[in-house]
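See below for the structure under consideration.
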Amino acid sequence: MKTLKTLNIGDKIEHYCSGEMVTGTIIERRGECVITKHKPVKWGNDIYETTVISPSLWLQMSTSQTTPGAYINGKPLTL
């Protein structure tokens, strides 16, 4: 099973963006983080089309290993 560290460019994952669940395609890796491109999500006056998925900090780990929460094949993405 893929983990945050083994995702490749072009892989698809489900994740949250401004509270909305989207399906994103990995477009870039930056160290331990990945950047996804997804459908536009409006939050106030802003529109987001990319999201950075990173390892959670110790306090965030109580809810998800990634921030924002990300899933692959319906299962939480692990580190």
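The values are calculated or read from the model by the stated rules, or taken from the named source; none is laboratory data. All figures in this text were calculated on a predicted structure; none of them were measured in a lab. FYI the Cβ positions are ideal-geometry reconstructions off the backbone, even for glycines, and counts take in every protein chain you see.
Quick one: S54 ticks every box in (1) at pLDDT below 95; (2) in a strand (DSSP E or B) bar one, so which box is it? Only one criterion in (1) at pLDDT below 95; (2) in a strand (DSSP E or B) is unmet by S54, namely (1). Regarding I47, is this residue in a strand (DSSP E or B) and surrounded by 14 or more Cβ atoms within 10 Å (Cβ to Cβ)? When the stated conditions are applied, I47 does not pass them.
Of the numbered criteria (1) assigned to a loop (DSSP other than H, G, I, E, B); (2) in contact (Cβ under 8 Å) with a residue 60 or more places away in the chain; (3) exposed (fewer than 12 other Cβ atoms within 10 Å of the Cβ), the one G10 fails is (2). Do you know which residues across the range 1-36 are within 17 Å of Y71 (Cβ to Cβ) and of a type in the set (K, R)? Result: K2, K5, K12.
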